[in-house]
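Structure first, then comments.
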Amino acid sequence: MMTKIKYLVALALLLPLNMNAQDKKLFTLEDLNFGGNNYRNLQPENKWYTWWGDELIRTDVEECYLVDKKTGKEKVLFTLDEVNKWANSDEEANRYVRHLMNATFPYPDQPLVALGNKKSFLLLDFKKHEIVWQDSISGQTANDWHKTSRATAYVEDHQLYVVDGEGKKHQLSTDGSREIVYGQSVHRNEFGINKGTFWSPDGQRLAFYRMDQSMVQDYPQVDIFPREATYEPDKYPMAGMTSHQVTVGVYDLKTDKTVYLKTPLPSEGSGEACYFTNIAWSPDAKTIYMFELNRDQNDCRLVSYDATTGERIAELYRETSDKYVEPMNPIQFLPWDSNKFIMQSQRDGYNHLYLYNKEGKLLSQLTNGTWVVQNILGFNTKQKSIIIEANKYHPLHRQLYSVNVSNGKMTQLTMSDGVHRGELSASGTYVIDRHSAPTEPRNISISSVASGFAAGKATRLLTASDPWADYEQPIFECGSIKAADGVTDLYYRMVKPHDFNPQKKYPTVVYVYGGPHAHNVEAGWHWYSRTWETYMAQKGYVLFILDNRGSENRGRDFEQATFRQLGQIEMQDQMKGVEYLRTLPYVDMNRLGVHGWSFGGFMTISLMLNYPDVFKVGVAGGPVIDWKWYEVMYGERYMDTPQQNPEGYAKASLIDKACNLKGKLQIITGYNDNTVVPQHCLSFLDACIKSGTHPDFFAYPGEEHNMRGHASVHLHERITQYFEDYLK
């Protein structure tokens, strides 16, 4: 196990001694950037697996393999050619399965594979060589298929439909539009929401979101590509302004009827619930559970509803805060006891597991300590345990654990340092471990949960070689400093040129994000380094990346230190990083730059304007300029409304600080950014004009918050060249 956090990872030393430096290749952005034409060839080798009950299947483009869990040996289960032959596929009619990468095996006790083509979704019996079921609605929006009823929910032309297992089409809505949205994500994907339909366990009832956003102001996005530019408005509720209203419907396949849950309908500014999230079903499909959160996001309640009538049954749990409560995960019932469920909460300061009965009585806190449960993989029904990922061992390391539900005893399953992510079989008997460490690109192993991954207990399925072995690689380091409070440990990554000379002075770039629900440093390959850092190190820069307070996986108080004052604590911590850089003789403090995107763009400009004599060059992408222009759910959670917190909004705003700009600053945005809308950048440019300061500005037409495809290569060329022109 790891005995100290600071490592020096000089990967070049691991290469054969007879390979001279001149034999090594240099990276290009086509190699390193995800939009580049050689990017895939420089990613660590990978394999994709799925479960057929407790049987392990490897999926590939043209074959599916059955994997022996004890030896790792594979045998072909079926091929792509066989699938298309058995399915009587017609390539010209788009009824042709293109690959097997997305094949799934939904029934543990049946030899059925689920596949899709452009026209349909089908179940194929790979032993009898025949299609046993198919639909004809593949490709619609928000497809949600249930394996038991074989019904599919989907959205077409704004309306919500269900096609049952016999192929009969049921229309659930008639008033769907751009303003009345059915069956899709709501609340702008906050609170853990990533979809809008939720099938009951038996597949006979469908809970779904209905979002009325007719009262929300349009943001005037424009499509410039037609002969005459067209107006493409986007519903965008800004902090402190009118937001949308959400209700939850329940459709019953047996009765062909829909009822709506009788949830509170808040008036603007009331303390009543207006956010509904983390929808879950009881095992008997009679009750719906969800978390209800008031607009201030400081009063959260777990409420149950009768799925047949929509009537509110009970409030099972309530959590309040003087800052905010953030429900991110639905409750999960124990597979072996339908009267008990697991709930996740940060109520004691860290995300942990709590066992409740269905009446809302707390039975026990299953996990505790100054660490966080990061993910629940599922349940082991034989051991009656929960399999989780957590950073109990160290904040930068993620391990797999088994938690006994009866007594809370934790058993660590993975033993090696680094980052482990698991994939659990249907019964929870077996688990795949995907692992990486600072010098290990990717390892994949399988073991039984009972045995764990101790030496000799697991079967190695893949040990990926270093795809960068033929290239000059930078030096990756990790360490820690104290935060501005003088107490809290903050972790950093440093990336240095491959030929680093401590006697030289190097231009240095601070890469920053710093916002909630993200981190930049972990004990994965290269310490989780972004490949652009490698490119910059190759060009002779030192890169420094620090996770300040406010970032994730460190507990509630660490995350909430920034409440009502976004950017302030974060800057203080980042400047502690700068103080550390000052102690390093090889860092040229006269050539210090800063770069970040989104929240990191906000941080970049904040640092440039609040510490104008420190940073010589900055590149800010998609930056928030004033939080009053950001959306309701995220903005009000961390800042309250502009009406409630005028001082905090004024302190965080960059508009009145535009006059402080001294160094060279480039601002980059997607012209059609619907996350950080263009009003941010354009308003800042206006403030700079009025104050006589001169940032540079570049926009990507047609792009949203992040550049897609090969435009990302162009973006990183532009970022790099700016530092080359003005920092080096």
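The values are calculated or read from the model by the stated rules, or taken from the named source; none is laboratory data. This structure is a prediction, so every number in the text was calculated from the model and none was measured. Positions of Cβ are generated from backbone atoms using ideal geometry, with glycine treated the same way; all protein chains shown enter the neighbour counts. Protein only, heavy atoms only, side chains kept; ligands, DNA and RNA dropped before computing areas. Shrake-Rupley method; radii C 1.70, N 1.55, O 1.52, S 1.80 Å.
Residues in segment 169-222 that are of a type in the set (Asp, Glu) and closer than 16 Å to residue 278 by Cβ: 1 in all.
Can you pull out every residue in segment 670-696 that is of a type in the set (D, E, K, R), touching a residue at least 24 places away in the same chain (Cβ under 8 Å) and open to solvent by 30 Å² or more (accessible area, probe 1.4 Å)? Residues satisfying the conditions are 690, 696. Among the residues here, residue 426 does not qualify as touching a Phe, Trp or Tyr at 6+ places or on another chain (Cβ under 8 Å), in contact (Cβ under 8 Å) with a residue 12 or more places away in the chain and assigned to a strand (DSSP E or B).
Could you tell me which of the residues 332, 297 is of a type in the set (S, T, N, Q), open to solvent by less than 70 Å² (accessible area, probe 1.4 Å) and touching a residue at least 60 places away in the same chain (Cβ under 8 Å)? Step through it out loud before you land on a result.
On the way: 332 fails: touching a residue at least 60 places away in the same chain (Cβ under 8 Å).
Criteria check complete, one pass: 297.
Taking the conditions exactly as written (within 29 Å of the chain's Cα centre (by Cα) and among the small types (Gly, Ala, Ser)), does residue 663 satisfy them or not?
Details: within 29 Å of the chain's Cα centre (by Cα): no; among the small types (Gly, Ala, Ser): yes.
No.
So which strands (runs of 3 or more DSSP E) stay within segment 503-611 end to end and still have 2 or more residues that are in contact with a helix residue (DSSP H, G or I) (Cβ under 9 Å, 6 or more places away or on another chain) and more than 19 Å from residue 479 (Cα to Cα)?
Working: elements: 506-511, 542-546, 587-597.
Passing ranges, in order: 587-597.
Is it true that some residue in segment 15-27 is open to solvent by less than 30 Å² (accessible area, probe 1.4 Å) and modelled with pLDDT of 95 or more? Yes, because at least one residue in segment 15-27 is open to solvent by less than 30 Å² (accessible area, probe 1.4 Å) and modelled with pLDDT of 95 or more.
When each of 637, 718, 708 is tested for being basic (Lys, Arg) and open to solvent by less than 10 Å² (accessible area, probe 1.4 Å), the lone residue that passes is 637. The residues of segment 317-329 that are farther than 20 Å from residue 375 by Cα and either touching a Lys or Arg at 6+ places or on another chain (Cβ under 8 Å) or open to solvent by 50 Å² or more (accessible area, probe 1.4 Å) (or both), listed by number, are 317, 318, 319, 320, 322, 323, 324.
Hey, which of the strands (runs of 3 or more DSSP E) in segment 210-283, taking only ones fully inside, have at least 2 residues that are surrounded by fewer than 16 Cβ atoms within 10 Å (Cβ to Cβ) and at pLDDT 95 or above? Working first, answer last.
Details: elements: 245-252, 257-260, 273-281.
Filter on segment 210-283 gives 257-260.
Going by the conditions given, is residue 72 within 27 Å of residue 427 (Cβ to Cβ), over 29 Å from the mean Cα position of the chain (by Cα), surrounded by 14 or more Cβ atoms within 10 Å (Cβ to Cβ) and free of Cβ contacts under 8 Å to residues at least 60 places away in the same chain? Steps first, answer last, please.
Details: within 27 Å of residue 427 (Cβ to Cβ): yes; over 29 Å from the mean Cα position of the chain (by Cα): yes; surrounded by 14 or more Cβ atoms within 10 Å (Cβ to Cβ): yes; free of Cβ contacts under 8 Å to residues at least 60 places away in the same chain: no.
The answer is no for residue 72.
On the basis of being more than 29 Å from the chain's Cα centre (by Cα), under 20 Å from residue 606 (Cα atoms) and open to solvent by 30 Å² or more (accessible area, probe 1.4 Å), does residue 658 make the cut? Considered against the rule, which asks whether it is more than 29 Å from the chain's Cα centre (by Cα), under 20 Å from residue 606 (Cα atoms) and open to solvent by 30 Å² or more (accessible area, probe 1.4 Å), residue 658 comes out as no.
Taken over segment 641-654, the residue count meeting the criterion of being farther than 19 Å from residue 236 by Cβ and either among the acidic types (Asp, Glu) or open to solvent by 30 Å² or more (accessible area, probe 1.4 Å) (or both) is 5. Within segment 335-353, track down each residue that is open to solvent by less than 40 Å² (accessible area, probe 1.4 Å) and over 17 Å from residue 386 (Cβ atoms). Listed by number, the list holds a single entry, 349. Every condition in (1) crowded, with 21+ Cβ neighbours inside 10 Å; (2) touching a helix residue (DSSP H, G or I) at 6+ places or on another chain (Cβ under 8 Å); (3) part of a strand (DSSP E or B) is met by residue 477 except one, and the failing one is (1). Exactly one residue out of 62, 45, 30 is modelled with pLDDT of 95 or more, more than 19 Å from residue 440 (Cβ to Cβ), among the acidic types (Asp, Glu) and open to solvent by less than 100 Å² (accessible area, probe 1.4 Å): that is 30.
Which members of segment 107-121 meet the condition of being open to solvent by 20 Å² or more (accessible area, probe 1.4 Å) and among the small types (Gly, Ala, Ser)? 116 - this is the single residue of segment 107-121 that is open to solvent by 20 Å² or more (accessible area, probe 1.4 Å) and among the small types (Gly, Ala, Ser).
The numbered conditions (1) touching a residue at least 24 places away in the same chain (Cβ under 8 Å); (2) open to solvent by 10 Å² or more (accessible area, probe 1.4 Å) are all true for residue 406 except (1).
Is it the case, given these coordinates, that residue 412 is surrounded by fewer than 21 Cβ atoms within 10 Å (Cβ to Cβ) and more than 30 Å from residue 529 (Cα to Cα)? No; evaluated as a whole, the condition is false for this residue.
Which one is most open to solvent (accessible area, probe 1.4 Å) among residues in segment 521-572 that are among the hydroxyl-bearing types (Ser, Thr, Tyr) and farther than 30 Å from residue 296 by Cα? Even if it seems obvious, please write down each step before you answer.
As a first pass, look at segment 521-572 and keep what is among the hydroxyl-bearing types (Ser, Thr, Tyr): 528-529, 531, 534-535, 541, 551, 562.
From the residues that got through so far, the ones that are farther than 30 Å from residue 296 by Cα too are 528-529, 531, 534-535, 541.
On the way: 528: 101, 529: 24, 531: 37, 534: 2, 535: 34, 541: 0 Å².
Across segment 521-572, the extreme among qualifying residues is 528.
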